[in-house]
Amino acid sequence: MNRDRLLLLTCGAILMLTQYICVREIGSTFFSTEIVTLLSVIMILIGPSIAYSMSERVSQRGLLLWAALSFVALMLVPFGIRMAVTMMKIWHLELLAMVAVLIFGSLFFSAFFAVFLPRLASGEENFRLLYSLELLGSVLALLLLTVIGSWQNLVTAFYLLLVLCLHLAFGKKLLTGTALILALVGAYYYPSLDAAAATRYYQVYWDKENPRILETHYSPYQRVDVVEDDRGKALYLDGVPYYEWGDLHWFNYYIAELPGRLVSHDSKARALVVGSGTLSSSGYLVRQGYQVTTVDIDRVVADLGLKYFGELNQLNQFKHGDSKKFELVIDDARRYIRSVPDRSCDLIVLDIPAPYHIQTALLYVPSFLKELKRCLKPGGIVSINTCSYQLDDRIAASIARGATEVFEDVSSIQGDSLGLTILYCSDRLPFSMRSLRSEASKSEKDRFSIMDNQALRFAVRGVKAHTEENLCALLLLSRYEFPELKKWL
């Protein structure tokens with residue numbers, strides 16, 4: 001294979017890896033939703049269009065400068081986006097942060113690596129062959145993603161491919177040697193640079209005092225950070241707090257402990273928890289005497305939950321298969337729930353993030369709730385987080401409306417210690433509103449409000465349920481929960 005063909009093969013691999021890395025970094029910095037993912041992909045795809053239009057008009061010196069800027073920009077991507085956005089937040093320019101990243105990225109993340117195809121193609125047949133080689137490079141990059149061992153290894157491979165591209169494009173020993181040194185130094189210090197950027201990010205964006213990054217992993221689904229500050233530990237998924245020190249107890253209290261106490265149960269009672277996080281909700285139910293099965297699609301989140309929050313959830317003594325009291329299943333909840341026998345669960349807890357992504361949003365739709373209802377014993381409870389404070393919020397109302405379409409008896413509770421509104425659903429709830437109020441008041445020292453089935457149905461009348469055909473909640477949630485996105489989306 002001659003030099004030009006190897007160059008296009010390398011460029012194809014770089015373009016694919018650039019798209020993958022940029023989507024994950026931009027998503028975990030700006031609040032990951034399908035909207036941000038789409039904008040990131042568009043940014044990468046605009047690059048080749050810029051390159052094709054400029055390819056014949058760029059001088060060799062201009063191309064060399066473009067290459068150097070693109071190399072430095074992509075070297076900085078795995079940690080620099082987070083640091084740049086943090087700095088813009090400090091300067092009160094956060095509204096321009098994504099716009100700046102998208103414009104800058106279009107020019108320097110992908111454009112340079114697409115400039116060679118039109119410059120090297122001498123005719124239609126030659127263009128087809130060279131374009132096929134570029135596509136083959138993208139396929140090889142996808143294969144690399146399936147076998148690479150870790151995110152740091154991926155970053156290292158990405159840096160080395162950038163050096164190879166510069167070498168094949170220009171053949172200048174000084175340029176290649178300088179780029180190789182920078183790539184090796186960058187790969188070696190990447191963990192420290194990423195930790196420094198993340199520390200500053202959590203300090204500025206989430207007001208963490210003296211934050212320390214205990215561990216960071218890129219799972220197949222998200223970036224997972226365990227962050228500790230002077231108040232305690234927190235779990236962040238794609239830069240968004242999943243569990244914070246302050247509301248850790250109260251969320252688990254309302255989503256799991258309180259409904260667990262309200263269900264009449266014995267030592268054989270079964271609870272199913274969808275979602276793991278710190279596994280704290282599972283821990284509450286195990287201590288109440290339930291046989292708990294927790295299902296989560298992301299093993300990294302579950303493992304870090306056991307590792308760093310084991311003392312808190314008191315599940316660190318349980319290992320897979322060691323006890324009938326607790327079982328952790330790594331699977332997609334929608335697939336797993338189909339294997340659960342009818343009327344086999346006394347309590348089902350949806351301990352999942354808000355519907356930022358389609359995959360998560362599909363766990364709030366009536367079709368999935370019907371599957372949960374099928375698994376529920378008479379007098380059992382399905383506990384659902386509405387992801388908002390009041391039912392007049394469009395997302396909460398849509399989730400609540402879906403629950404009322406599936407279950408005959410639905411009540412809500414919202415305590416000031418947590419703030420979020422939680423739904424308890426059944427065909428016949430095993431408690432009265434008086435007993436719910438009495439039980440909640442034993443622990444909740446602040447105010448709380450309760451809505452019975454009739455009041456709840458009246459509150460969500462006329463609201464369209466959150467269904468597979470109505471996933472606008474993804475856009476609405478990202479806009480209304482994050483003001484910096486609201487103003488420009």
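The values are calculated or read from the model by the stated rules, or taken from the named source; none is laboratory data. Please read all numbers here as calculations on a predicted model, not as lab measurements. Positions of Cβ are backbone-derived with ideal geometry, glycine not excepted, and every protein chain shown enters the neighbour counts.
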*Mind checking which residues of the range 240-281 are of a type in the set (Phe, Trp, Tyr), surrounded by fewer than 20 Cβ atoms within 10 Å (Cβ to Cβ) and in contact (Cβ under 8 Å) with a residue 24 or more places away in the chain?*
TRP250
*Hey, any hits in the range 279-294 for a residue that's outside any strand (DSSP E or B), at negative phi and either under 19 Å from the mean Cα position of the chain (by Cα) or among the acidic types (Asp, Glu) (or both)?*
no
*Does the range 1-41 hold any residues that are without any contact (Cβ under 8 Å) to a residue 12 or more places away in the chain and closer than 30 Å to LEU129 by Cβ, and which are they?*
MET1, ASN2
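Here's the yes/no breakdown for (1) touching a residue at least 40 places away in the same chain (Cβ under 8 Å); (2) surrounded by 20 or more Cβ atoms within 10 Å (Cβ to Cβ); (3) part of a loop (DSSP other than H, G, I, E, B):
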{"residue": "VAL329", "(1), (2), (3)": "no, no, no"}
{"residue": "LEU347", "(1), (2), (3)": "yes, yes, no"}
{"residue": "PRO355", "(1), (2), (3)": "yes, yes, yes"}
{"residue": "ARG374", "(1), (2), (3)": "no, no, no"}
{"residue": "GLY379", "(1), (2), (3)": "yes, no, no"}
{"residue": "SER383", "(1), (2), (3)": "yes, yes, no"}
{"residue": "LEU423", "(1), (2), (3)": "yes, yes, no"}
{"residue": "PRO430", "(1), (2), (3)": "yes, no, yes"}
{"residue": "ARG434", "(1), (2), (3)": "no, no, no"}
*Quick check: anything in the range 80-88 surrounded by fewer than 16 Cβ atoms within 10 Å (Cβ to Cβ) and at pLDDT below 95?*
yes
*Is it the case that CYS22 is closer than 18 Å to ARG82 by Cβ, surrounded by 22 or more Cβ atoms within 10 Å (Cβ to Cβ) and assigned by TED's automatic domain parsing to the domain that holds PHE127?*
yes
*Kindly list, by first and then second residue, each pair from a residue in the range 88-109 that is in the same structural domain as CYS11 (by TED's automatic domain parsing) and in contact (Cβ under 8 Å) with a residue 40 or more places away in the chain to a residue that is among the basic types (Lys, Arg) and in a loop (DSSP other than H, G, I, E, B), limited to pairs with Cβ atoms under 9 Å and residues at least 6 apart or on different chains.*
LEU95/LYS487
*Residue check, THR404 in a loop (DSSP other than H, G, I, E, B), of a type in the set (Val, Ile, Thr) and touching a residue at least 40 places away in the same chain (Cβ under 8 Å)*: no
*Could you check PHE170 against (1) hydrophobic (A, V, I, L, M, F, W, C); (2) touching a helix residue (DSSP H, G or I) at 6+ places or on another chain (Cβ under 6 Å); (3) within 21 Å of GLU134 (Cα to Cα) and say which number it fails?*
(2)
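When you look at ARG119, is it over 21 Å from ALA13 (Cβ atoms) and among the basic types (Lys, Arg), yes or no? First the steps, then the outcome.
On the way: over 21 Å from ALA13 (Cβ atoms): no; among the basic types (Lys, Arg): yes.
In short, no.
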_Criterion violated by LYS377 - all others in (1) within 14 Å of VAL263 (Cα to Cα); (2) touching a helix residue (DSSP H, G or I) at 6+ places or on another chain (Cβ under 9 Å) satisfied_ = (2)
